[in-house]
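The values are calculated or read from the model by the stated rules, or taken from the named source; none is laboratory data. Source: prediction; values computed, not measured. Reconstructed Cβ throughout: ideal geometry from the backbone, glycine too, with neighbour counts over all protein chains shown.
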Amino acid sequence: MKKNKIGFYIIGMLLVVACSKNFDGRAPENTNLATSSYVRFFVGSLGATRNFISIDNQQLNGTALSMGGIFPGSGTITGFNIVSPGSRSISIVDSAATPAQTPLTVTQNFAAGQYYTVFTYDTSTAVKALVTNDVFTIPTDTTCNLRFVNIGFSSVAVPNLDVFSRARGAVVIANIPKLGVSPFVPHRTQSARYLVVDTLDIRETGTTNIVASVPTFTFNPQRTYTVVFRGRYQSTTGAMSRGAAIIATY
C-alpha cells in the first residue's frame, strides 16, 4: 500500500511538471516580439468624422476618428496595434446610419517584426489607403528620425512640397509629390545641451510659400517622427482645410 502511495505521488509530481510547461499563464505568441506585426492608422480622408477601424472583422477603436485622427494614441504620442503576421483584411467605415463616407476595405500582408502605418486619403466618396512599411533604425546619438508623407488632396495639379526647419534655417526634406513618402532622415534635436524647439513649414517646392506648419515642436533624441500634410490643398478654413500633423514612434 505504501508503495502504491509513493507511485501515485510520483505520477502526480510528473503531471504537475508537465502542466507547468504548457499552462504557465503566458501566451506563447507574445514571448517573442519578433513574431508579431505592428500597425497604426492616420485618418486623412476629407471631412472624416465617424471612422471606425476593424482588422479581420475585429473592431479596434472605441471612439470614432475624425480627419487628422490617429489610432492608437492621442496628440503626438502614438503606439501600434499588435496583429498576427500574414494577410489581413482592414475595414474603415463611417458609423452613421446614413454614411457620408463610402466604406474602405483593403488587404495587407504584414511581416513579422515590422511596423506599418495606414493613411486614408482622398474624398468621402472615394476613400483610399496608403500603407507604409515604417523601416527605421533608432539613432544612437542625439538626433531623431524624420520623414514626410504628402496625402493632401487636389483635383488639379499642385506643386510638390518641401519641409523647412526654422531652427536649422534650411530645407530638410525636399520635392515630395502628392502621395509621396520620403525616407527617414536624421534631424537635429539639441543645441549644446538643450533641446531645440523647432517649427516645420511645409512649402511649395523651391519657394518660400508656406501651405501648412507644425509650430513649436520639441523633437526628442532617438525618436522617430512622421510629418503628414493632409486636407484639401486649396482650402484654408473649414473641416476639410489643409494642414500638417506630426506623429511619433516611441
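Things worth noting here:
- Test: residue in segment 171-185 that is in a loop (DSSP other than H, G, I, E, B), at pLDDT 95 or above and in contact with a Phe, Trp or Tyr (Cβ under 7 Å, 6 or more places away or on another chain): yes
- Boolean, Phe110 is within 22 Å of Ala245 (Cβ to Cβ) and not small (Gly, Ala, Ser): no
- Taken together, the residues in segment 232-250 that are within 15 Å of the chain's Cα centre (by Cα) and assigned to a loop (DSSP other than H, G, I, E, B) amount to 1.
- Positions within segment 197-229 being among the charged types (D, E, K, R) and either modelled with pLDDT of 95 or more or assigned to a strand (DSSP E or B) (or both), in sequence order: Asp198, Asp201, Arg203, Glu204
- Restricting attention to segment 131-163, the residues being under 19 Å from the mean Cα position of the chain (by Cα) and part of a strand (DSSP E or B) number 10.
- Scanning segment 66-86 for residues being assigned to a strand (DSSP E or B) and buried (at least 16 other Cβ atoms within 10 Å of the Cβ) gives a total of 6.
- Restricting segment 186-196 to residues that are part of a strand (DSSP E or B) and touching a strand residue (DSSP E or B) at 6+ places or on another chain (Cβ under 6 Å), the residue that is surrounded by the fewest Cβ atoms within 10 Å (Cβ to Cβ): Leu195
- Taken over segment 54-65, the residue count meeting the criterion of being surrounded by 15 or more Cβ atoms within 10 Å (Cβ to Cβ) and more than 30 Å from Asn220 (Cα to Cα) is 2.
- Of the numbered criteria (1) out of contact with any strand residue (DSSP E or B) (no Cβ under 8 Å at 6 or more places or on another chain); (2) more than 24 Å from Asp198 (Cβ to Cβ), the one Asp122 fails is (1).
- If the condition is being among the hydroxyl-bearing types (Ser, Thr, Tyr) and more than 20 Å from Arg40 (Cβ to Cβ), then segment 96-117 contributes Thr98, Thr102.
- Qualifying positions in segment 87-130 - assigned to a strand (DSSP E or B) and among the small types (Gly, Ala, Ser): Ser87, Ser89, Ser91, Ala129
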